[in-house]
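Structure record follows, encoded as structure tokens.
The values are calculated or read from the model by the stated rules, or taken from the named source; none is laboratory data. Everything quoted here is computed from the prediction, not taken from an experiment. Glycine gets a Cβ as well: all are built from the backbone with ideal geometry, and neighbour counts include every protein chain shown. Calculation scope for accessible area: heavy atoms of the full protein, side chains included, ligands and nucleic acids excluded. Shrake-Rupley method; radii C 1.70, N 1.55, O 1.52, S 1.80 Å.
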Amino acid sequence: MGDRPLSEAEIRRLERLERTRANKRGRKNPAAVPARLARTSAFAPKRRNLITDSKFRRAYIVPGHSYVEVSGRELGSQHRDALYAVFRMKPRRIQVPNPATLAVRRDRERDERLLVFYETQTTWRELVRTLGLSEHPNNLLTLLTIFEELQTVVIRVQEGDPETIEAATRRGQLAGAGMQGNIIETISWTGVDLDSRVTVRYGEWVREMIEKTRLVSLNAEVQFALSSDHAKSFWPYIDSMVDHTYIDEPMLAALAGRDLWAEHETSATRAQFRKDCKQAFRDMVRAGGLSSFHVVVTGIGRKKSRRYRYVHALPRQAELSLGQGFA
């Protein structure tokens, strides 16, 4: 039994576990976030003056990583933080018979059609603490409003290369497989005391991402400690890209939902964005996410760009092991 060769599936599983171990950064209480919701620009780097028109619809593209369409209203930094606060807590898997199919399958040996839900249970107190709000009952309505706004949003996520999806969308076509639905399906609470239990049930798309383990681990403590809205847009991408040590300005712009060389952009708006980026990186250092960074100017002429090189504050396990090998 002990000499039985491993199957290909078992070998792949062990390789995944080894990669996961090597990429761990010793995060405390991390958030397990669907990769598309970590490497996306669907959350604007602002908290105020968001578009609340129910007819709002926009496609958010991060080249090489995600193509996410949002409709219902514009989302901001506070919506990302509230969502990550819930993702930080381990969800429960709930499995119940599907009443729509149970009656017609009673003659079969067993019912294989089940409804599967994922939900997280927490308290008002834990949520307001996580989000840096004062532990006052008045903040419960503020928090509930943020979740309510998340519920009104419908996202459409398509699988495949974002550029291919964008080209198909311009032709009025779908590029391939995908899913559309709400991020949060329901939120319920047992009372209005700070220690009352709060239950958040995820929408179908998030359930699929959890089932398929298409998740990335993020240092949520850093995310919640950030004060810069641009830093809150950049940090999930930077922390989830474990092998990267730099990020170029066009990617930072994409994560902020903009193209610096679009017609409406000017030298003044580009200069302001570069100030915002430097402030964001300083904030990531202050919050303990990065230990240092420096900016390198790339390119020549009118379209000079910037490359932000950084050192992550928490080395990966693989890097720690390498350092110990030279001790």
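Data overview
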item	result
Residue list for the stretch 178-202, restricted to those being in a loop (DSSP other than H, G, I, E, B) and in contact with a Gly (Cβ under 8 Å, 6 or more places away or on another chain)	Ile183
Residue match in the stretch 69-86 (condition: farther than 23 Å from Phe234 by Cα and at pLDDT 90 or above)	yes
Gln279 being more than 18 Å from Ile238 (Cβ to Cβ), outside any loop (DSSP other than H, G, I, E, B) and open to solvent by 70 Å² or more (accessible area, probe 1.4 Å)	no
Selected residue (criterion: nearest to Ile247 (Cα to Cα)) from residues of the stretch 287-308 that are in contact (Cβ under 8 Å) with a residue 60 or more places away in the chain and within 22 Å of the chain's Cα centre (by Cα)	Tyr308
Number of positions in the stretch 42-69 that are out of contact with any His (no Cβ under 8 Å at 6 or more places or on another chain), under 23 Å from Ala231 (Cβ atoms) and open to solvent by 20 Å² or more (accessible area, probe 1.4 Å)	11
Cross-chain or 6+ apart pairs with Cβ under 7 Å, the stretch 42-56 first and farther than 18 Å from Glu69 by Cβ, then in a loop (DSSP other than H, G, I, E, B)	Pro45/Ala256; Lys46/Gly76; Arg47/Gly76
Selection count, the stretch 254-276, where residues are farther than 20 Å from Val222 by Cα and surrounded by 14 or more Cβ atoms within 10 Å (Cβ to Cβ)	8
Filter result for Gly72 (open to solvent by 10 Å² or more (accessible area, probe 1.4 Å), at positive phi, in contact with a Pro (Cβ under 8 Å, 6 or more places away or on another chain) and not β-branched (Val, Ile, Thr))	no
Residues within the stretch 209-221 that are open to solvent by less than 40 Å² (accessible area, probe 1.4 Å) and either free of Cβ contacts under 8 Å to residues at least 24 places away in the same chain or in a helix (DSSP H, G or I) (or both), tallied	3
From Val285, Val295, residue being modelled with pLDDT of 95 or more and assigned to a strand (DSSP E or B)	Val295
Pairs with Cβ under 8 Å, 6+ apart, first in the stretch 181-203 and open to solvent by 20 Å² or more (accessible area, probe 1.4 Å), second assigned to a loop (DSSP other than H, G, I, E, B) and β-branched (Val, Ile, Thr)	Asn182/Val153; Arg197/Thr190
Candidate set: the stretch 132-166, residues that are under 15 Å from Arg58 (Cα atoms) and in a helix (DSSP H, G or I); chosen: the one most open to solvent (accessible area, probe 1.4 Å)	Thr152
